[in-house]
1. Let me spell out the model: positive unit charges on the Cβ of Lys and Arg, negative unit charges on the Cβ of Asp and Glu, origin at the Cα centre of the stretch 90-154. What dipole size does that give, in debye rounded to 20?
2. Output wanted: per-residue J couplings in Hz (rounded whole) for the stretch 19-26, from phi through Karplus 6.51 cos²θ - 1.76 cosθ + 1.60, θ = phi - 60°, x for Gly and Pro.
3. Quick one: which of 138-148, 119-129, 84-94 comes out on top by average Cβ neighbours within 10 Å, and what's the full order, highest first?
4. Residue-wise, which Karplus ³J(HN,Hα) couplings in Hz belong to the stretch 51-58, taking 6.51 cos²θ - 1.76 cosθ + 1.60, θ = phi - 60°, and x for glycine or proline?
5. Over its Cα atoms, what ratio of radius of gyration to 2.2 N^0.38 Å does the chain give?
6. Could you list, bin by bin from short to long, the percent of Cα-Cα pairs of the stretch 83-130 in 10 Å steps?
7. Would you compute, from DSSP H runs of 4+ residues alone, the mean residue ellipticity of the chain at 222 nm, taking -39500 (n - 2.57) per run and dividing by the full residue count, rounded to the nearest 500?
8. Pairs of Cα atoms under 8 Å, at least six residues apart: use those to get the relative contact order of the chain, whole percent.
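Taken together, the values in this text are just the output of simple stated rules run on the coordinates, not laboratory data. All of these numbers come straight from a predicted model, not from anything done at the bench. Counting neighbours? That spans all protein chains shown, and the Cβs are built from the backbone with ideal geometry, glycine included.
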Amino acid sequence: MSELISSSESLKIADGLAVTLHFSILLADGDEVDSTRRGKPATFVMGDGNLLPGFEAALLGLAAGADEQLSIPAAEAFGERVPGNVQRLPLARFPNADELEVGLIVSFAAPDGELPGVVMQLWDETVEVDFNHPLAGRDLVFDVSILKVEPASS
């Protein structure tokens with residue numbers, strides 16, 4: 001006689017399990033930064049690197065049907081702001097210098113891909129670029145609705 005050992009209804013989120021969820025990332029003041037709630041839910045395997053470790057840690061132990069608002073401190077989300085990541089660069093380094101404006105996202109080649117930065121200030125011969133993640137230094141609220149927790153397909 002066979003016996004049910006576990007079902008997707010009772011599985012709790014743990015490394016190696018597939019999780020399907022809807023989420024919203026909110027700033028502390030409630031402003032929404034990102035969300036899947038108006039589209040398809042997200043599916044990922046815990047521990048596969050698709051979510052930042054702080055977001056994964058907040059999900060551990062939740063099961064299908066959970067609706068939670070989880071506080072994620074800046075250090076566990078996108079990290080603290082690093083003053084050294086704000087740099088002044090020569091204007092001559094920008095091929096389209098005449099198109100630069102404050103708030104523009106610029107991209108630089110880096111050894112491991114592209115490195116985006118935000119133009120913060122412009123001077124006659126230099127540009128101040130912030131290479132911090134735009135959400136660095138911000139405490140966030142991870143609003144999640146867990147739809148499914150199941151073994152990952154091989």
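1. 320
2. With coefficients 6.51, -1.76 and 1.60, one gets 10, 10, 8, 9, 9, 9, 9, 10 Hz.
3. Final packing ranking: 138-148, 119-129, 84-94.
4. 10, 4, x, x, 6, 4, 4, 5
5. 1.37
6. 27, 60, 13, 0
7. Helices in the chain give a 222 nm mean residue ellipticity of -1000 deg cm²/dmol.
8. Computed value for the chain: 36 percent relative contact order.
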